[in-house]
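Input: a single structure, listed below in structure tokens.
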Protein chains: 2
Amino acid sequence: MKKVLVDQCECRCIHQERVDRARESALADDANSGMAQLFKAMGDPNRLRILWALQQEEMCVCDLARFLGVSESAVSHQLRLLRQLHLVSNRRQGPVLYYRLNDEHVRRLMELALEHIRE
Amino acid sequence: MKKVLVDQCECRCIHQERVDRARESALADDANSGMAQLFKAMGDPNRLRILWALQQEEMCVCDLARFLGVSESAVSHQLRLLRQLHLVSNRRQGPVLYYRLNDEHVRRLMELALEHIRE
DNA sequence: TTACTACCTGAGCATCTGTTCATGTAATAA
DNA sequence: TTATTACATGAACAGATGCTCAGGTAGTAA
């Protein structure tokens, strides 16, 4: 029995045109990856709580640690990720770093998500 | 040395009013959890590709498996999650299940995310 | 300088996630 | 009935994730 490697799954309900159209209109890998990273960052309960809190008012690492009930180290790790994705930024005042939301998109994403789960 | 358990982190840059306000306006646990689940579901590259593809046109499991280059089983697992979160729904035509986006929110969430990463 | 504060970083580890594989199920047709 | 098709499900496993702990760094002040 000869085996052939083809770009085809085992079932026969093939709508090749649909697959082709999906490939044509698919996001580029970097756009898809970037969007996935953004959603994943907002997909952790504690990070989401951080973003929701910073939506109202800027806070320092220590405040956020108390608010969440986790170590400052844990908050710092999460804030680094959020900074890298440009979701938050900070300003220094003496020894204290105050973090805030960096972006109006984040606020709107949270609003939309809230609408969805309440439908 | 006596140790006391207090709701307080070790640093002294305490803005208790900020922590209190954050707690007052914080999301309820179930809302926070629900939003996090939604974002997490959209935070996987393959699930995001599925949602993006279904935005255009309904597709069956087999089509999606070919499109992504993974097994039908993998797609089926992902679709179950997306169904549970009401992100997709399906219709049966004979033996074939056609999946489609269930919600306009998802489309807008993807648009907003795309805007964010292109800023 | 030294001491202190607020924050950052890497290591380690328990838990979670996404995939494949093997098997099961519902609908269809001979 | 039996066979086939399209899809679902559970187990298993490699890899990712989020936390704590220990130690390090930048800014401030005596």
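Would you be able to say whether some residue in the range B:89-99 is within 12 Å of DNA strand C (Cβ to nearest atom), closer than 20 Å to A:Arg21 by Cα and not polar (S, T, N, Q)?
Yes: the range B:89-99 contains one or more residues that are within 12 Å of DNA strand C (Cβ to nearest atom), closer than 20 Å to A:Arg21 by Cα and not polar (S, T, N, Q).
Can you name the residue in the range A:86-112 that is within 12 Å of DNA strand D (Cβ to nearest atom) and within 12 Å of another protein chain (Cβ to nearest Cβ) and, of all such residues, is surrounded by the fewest Cβ atoms within 10 Å (Cβ to Cβ)?
That would be A:Gly94.
Against the conditions (1) within 13 Å of DNA strand D (Cβ to nearest atom); (2) among the hydrophobic types (A, V, I, L, M, F, W, C); (3) surrounded by 15 or more Cβ atoms within 10 Å (Cβ to Cβ), where does A:Ile14 fall short? Just the number, please.
Evaluating A:Ile14 over (1) within 13 Å of DNA strand D (Cβ to nearest atom); (2) among the hydrophobic types (A, V, I, L, M, F, W, C); (3) surrounded by 15 or more Cβ atoms within 10 Å (Cβ to Cβ) leaves (3) as the failure.
Applying the selection to the range A:17-30, what residues are at the interface with another protein chain (Cβ under 7 Å from one of its Cβ atoms) and either part of a helix (DSSP H, G or I) or within 16 Å of DNA strand D (Cβ to nearest atom) (or both)?
Passing the criteria: A:Arg18, A:Val19, A:Arg21, A:Ala22, A:Arg23, A:Ser25.
Can you run down the residue pairs with Cβ atoms below 8 Å, 6 or more apart or on separate chains, where the first is in the range A:72-83 and in contact (Cβ under 8 Å) with a residue 24 or more places away in the chain and more than 14 Å from chain B (Cβ to nearest Cβ) and the partner is near DNA strand C (Cβ under 6 Å from one of its atoms) and assigned to a helix (DSSP H, G or I)?
A:Leu79/A:Val61
What helices (runs of 4 or more DSSP H) lie completely within the range A:45-119 and have 2 or more residues being within 17 Å of the chain's Cα centre (by Cα)?
Those helices (runs of 4 or more DSSP H) span A:45-56, A:72-84, A:104-117.
Scan the range A:32-43 and give yes if some residue there is surrounded by fewer than 15 Cβ atoms within 10 Å (Cβ to Cβ) and either outside any loop (DSSP other than H, G, I, E, B) or modelled with pLDDT of 95 or more (or both), otherwise no.
Within the range A:32-43, one or more residues are surrounded by fewer than 15 Cβ atoms within 10 Å (Cβ to Cβ) and either outside any loop (DSSP other than H, G, I, E, B) or modelled with pLDDT of 95 or more (or both).
Can you tell me which residue is nearest to B:Ser89 (Cα to Cα) among those in the range B:30-44 that are small (Gly, Ala, Ser) and within 11 Å of the chain's Cα centre (by Cα)?
Taking the candidates together, the pick is B:Ala41.
The values are calculated or read from the model by the stated rules, or taken from the named source; none is laboratory data. Just so we're clear, the structure is a prediction, and the values are computed from it rather than from any experiment. Quick reminder, even Gly has a Cβ in these numbers, built from the backbone with ideal geometry, and neighbours come from all protein chains shown.
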